[in-house]
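The values are calculated or read from the model by the stated rules, or taken from the named source; none is laboratory data. What you are looking at is a predicted structure, and each value in this text was computed from that prediction instead of being measured. Every residue, glycine as well, gets a Cβ built from its backbone with ideal geometry; the counts of neighbours run over all protein chains shown. Quick note on the areas: whole protein, heavy atoms, side chains included, nothing else; ligands and nucleic acids left out. Shrake-Rupley method; radii C 1.70, N 1.55, O 1.52, S 1.80 Å.
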Amino acid sequence: MKLADLLSECFATDLEETWERERTATPVRAFAVQLHATGCSLRETKQILRYLGVERSHQAVWQWVHRLADSGHNPPEAKPKRVAVDETAVKINGEWSWLYAAIDIETKLILDVELFGRHGTDPAAAFLHRLSEKHDLSDTVFLVDGYGYQTALSRLGLSGRLDYVERNLIEKWFHTLKMRVDRFHNSWVGSHGSVREWFIQFVQYYNFQRPHQALDGRTPVEEVTN
């Protein structure tokens, strides 16, 4: 299968423009999106806004989540030395898909995430290719847990080695993410695009807002940019 075909297999998202007649101030919308990203359900987010005197429908909050996530911050360009990469299974509408993610071991920055309909060497190569287009990986060593990843790295001329200790950081991140998911869903119900957007929102929260104990209370973005 060609690399272009693999990249097109990623679940892209088509978002509807919703700002033209929006009557709620942007800071309020942004606050609502962050509430949802940190674990509040849409219903809980709506209730918190009601306590603040903002009455909006469940659907309006849903639209804010999608629109602001689409215009949110991307991780800063990085030149990581060691990166853990892995995938985890997620159930969507009763069927399995796979979320791929990469994390910089030193700064704890999530470099990228992507959702695929299957897993294996070919999707891993597609994800790594996408990662190489966003970050300088010339001096990067990838920490992986299987020879399939090593094959994918070899295809792209990237360096990697088997590691079962430091790469646990990506497993811990998946655990943190799934704690958020499992709080409300055993299986996502909705489009793959909406699931992908939720993952993007969580990455933005993790990178830009969540203080990290191992970084002396700094966020990963602060660690990279300061």
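Computed packing ranks the peptides 192-200, 156-164 as 192-200, 156-164, most packed first, by mean other Cβ atoms within 10 Å. The HN-Hα couplings worked out from phi for the range 165-171 by the Karplus form 6.51 cos²θ - 1.76 cosθ + 1.60 (θ = phi - 60°) are 10, 5, 5, 4, 4, 6, 5 Hz, whole numbers, x standing for Gly and Pro. Put simply, the amide H of HIS212, placed in the peptide plane, has neighbours under 5 Å in GLY217, ARG218, THR219, leaving out anything fewer than 5 places away on its chain.
Rounded to the nearest 0.05, the FRET efficiency derived from the C-beta distance between ALA30 and LYS79 at R0 = 30 Å is 0.50. Annotation: extensible slack from HIS58 through THR176 equals 39.9 nm (criterion: 0.36 nm per residue apart, minus Cα-Cα distance). For ASP86, the residues whose amide H sits under 5 Å from its own are ALA101, ignoring neighbours fewer than 5 places away on the same chain, with H placed 1.01 Å from N. The phi torsions of the range 109-122, fed into the Karplus equation with coefficients 6.51, -1.76 and 1.60 and a -60° offset, translate into couplings of 6, 6, 7, 5, 9, 7, 9, 10, x, 8, 10, x, 5, 5 Hz, rounded to whole numbers, with Gly and Pro shown as x. Ranked by the mean number of other Cβ atoms within 10 Å of their residues, highest first, the peptides 97-109, 203-215, 113-125 fall in the order 97-109, 113-125, 203-215. Subtracting the Cα-Cα distance of GLU222 and VAL189 from their residue separation scaled by 0.36 nm leaves 8.4 nm.
A cut-off of 5 Å between modelled amide H atoms, ignoring neighbours fewer than 5 places along the same chain, links SER159 with PHE142. The accessible surface of the range 82-190, taken with every protein chain in place and a 1.4 Å probe, is 49 percent carbon and sulfur.
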